[in-house]
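The block underneath contains the structure these notes are about, expressed in structure tokens.
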Amino acid sequence: MAKLSVLDRFLPVWIIAAMVVGLFLGRFVPELSQVLESIQIAGVSLPIAIGLLIMMYPVLSKIRYSQTGDVLTDKKLMVTSLVINWIVAPAFMFALAWIFLPDLPEYRTGLIIVGLARCIAMVLIWNDLACGDREAAAVLVAINSIFQVLAYGALGWFYLQILPHWLGLPTASAEFSITSIVLSVLVFLGVPLLLGFLSRLIGEKTKGLDWYETKFIPTVSPWALYGLLFTIVILFALQGEAVTSNPMDVVRVAIPLVLYFLVTFVASMILGGALKLGYEKTTTLSFTASGNNFELAIAVAIATFGANSPQALAGTIGPLVEVPVLVALVYVALWARKFFARQKNTTRVEA
């Protein structure tokens, strides 16, 4: 802890402060949300888009892209990630939505939309803070992005119309814009990924690997957290009035979300340990499984149901809950690292 910067050491404090500032601005400066929403990129407010790009670039500039090919050969990690992200997690969110919100169909639909949007952005921050495998995170995020483009609309149709019909439950609209999904992936992953790749390629060729690792990366790294805090302030400001005006609705939507994040993360950590993936890859697996692409979920909810709809509010509650919970899970992961170290040592002794 003594080696950490003030920003890193007190990150939970800064995040809570950013949330409070955002809620305060959204509640007492209501016209601010109209200004922030006046210009959008890929269906998301321009300030949020800028914050996300600033947040993701430093993390993606740290990745050693020459080593990402090795991740693809890890069949256990690849298969486990795909099964959890695209079969188990959406089904789990569907079950939680119906268990906790049987009488609130709009919020239930919004919650299911959140569950279908697999994380491609903030997971890189959480993974980096928890000392996960950066190369594995980049590959899993890229795979999630591809599946998002190919499968999001079909899964929405299945979980909002087909499966409820089979179970004798009411159905909901599933008219998703493929364009908004593709734009979300290209903007919030493609742009910073390209910049990160070019930074490493040009930096290593012109200045050398040592300069890039010891000079450039430490210079740009703090901007990831600056971008995160800025994004949180803007995000909470956009929905501050709606959140503070409907506290009980927020609580009801938040409960299944908290359960979703905790259960998915812990189960993935246990599974990764059982499969002996090692701490770094298990941590990456857990964060990519439990995190969600709130940018896409909000954009889809707004495009389909309207900016002031309960579905859009449910989508917004997602990151409001996800940010503090996953920050807490960063510390849980770091605490759990000792168990993976023991497992590694035991394996060496047996060998």
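The values are calculated or read from the model by the stated rules, or taken from the named source; none is laboratory data. The model shown is predicted, which means the values in this text are computed figures rather than measured ones. For neighbour counting, all protein chains shown are included, and Cβ atoms are generated from backbone atoms with ideal geometry for every residue, glycine included.
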Looking for whichever is hydrophobic (A, V, I, L, M, F, W, C) and surrounded by 17 or more Cβ atoms within 10 Å (Cβ to Cβ) here; the options are V79, V83, V123, V149. Which one fits? V123
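Would you check if T231 is out of contact with any strand residue (DSSP E or B) (no Cβ under 6 Å at 6 or more places or on another chain), of a type in the set (S, T, N, Q), surrounded by fewer than 24 Cβ atoms within 10 Å (Cβ to Cβ) and in contact (Cβ under 8 Å) with a residue 40 or more places away in the chain? Walk me through how you get there before you give the answer.
Values: out of contact with any strand residue (DSSP E or B) (no Cβ under 6 Å at 6 or more places or on another chain): yes; of a type in the set (S, T, N, Q): yes; surrounded by fewer than 24 Cβ atoms within 10 Å (Cβ to Cβ): no; in contact (Cβ under 8 Å) with a residue 40 or more places away in the chain: yes.
Considered against the rule, which asks whether it is out of contact with any strand residue (DSSP E or B) (no Cβ under 6 Å at 6 or more places or on another chain), of a type in the set (S, T, N, Q), surrounded by fewer than 24 Cβ atoms within 10 Å (Cβ to Cβ) and in contact (Cβ under 8 Å) with a residue 40 or more places away in the chain, T231 comes out as no.
Can you tell me which residues in the stretch 32-49 are among the small types (G, A, S) and in a helix (DSSP H, G or I)? Show your work before the answer.
Looking only at the stretch 32-49, we keep the residues that are among the small types (G, A, S), and these are 33, 38, 42-43, 45, 49.
Once the filter is applied, which keeps residues that are among the small types (G, A, S) and in a helix (DSSP H, G or I), the stretch 32-49 yields S33, A49.
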Residues to consider are I112, I99, I87; find the one that is farther than 30 Å from F197 by Cβ, out of contact with any strand residue (DSSP E or B) (no Cβ under 9 Å at 6 or more places or on another chain), free of Cβ contacts under 8 Å to residues at least 12 places away in the same chain and β-branched (V, I, T). I87
Scan (1) touching a helix residue (DSSP H, G or I) at 6+ places or on another chain (Cβ under 8 Å); (2) at pLDDT below 85; (3) surrounded by fewer than 20 Cβ atoms within 10 Å (Cβ to Cβ); (4) assigned to a helix (DSSP H, G or I) for the single condition M1 breaks and write down its number. (4)
Looking at the stretch 159-216, which of its residues are touching a helix residue (DSSP H, G or I) at 6+ places or on another chain (Cβ under 8 Å), modelled with pLDDT of 90 or more and aromatic (F, W, Y)? Y159, W211, Y212, F216
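Hand me the list of helices (runs of 4 or more DSSP H) wholly inside the stretch 106-178 holding 2 or more residues that are under 30 Å from R64 (Cβ atoms).
Working: elements: 123-129, 134-157, 163-166.
In the stretch 106-178, the matching helices (runs of 4 or more DSSP H) lie at 123-129, 134-157.
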Members of the stretch 217-228 found to be surrounded by 13 or more Cβ atoms within 10 Å (Cβ to Cβ), modelled with pLDDT of 85 or more and of a type in the set (S, T, Y), listed by number: Y226
From (1) more than 17 Å from the chain's Cα centre (by Cα); (2) in a helix (DSSP H, G or I), pick out the condition that doesn't hold for K276. (2)
Which listed residue is crowded, with 18+ Cβ neighbours inside 10 Å and touching a residue at least 40 places away in the same chain (Cβ under 8 Å), from V258, V243, V263: V243
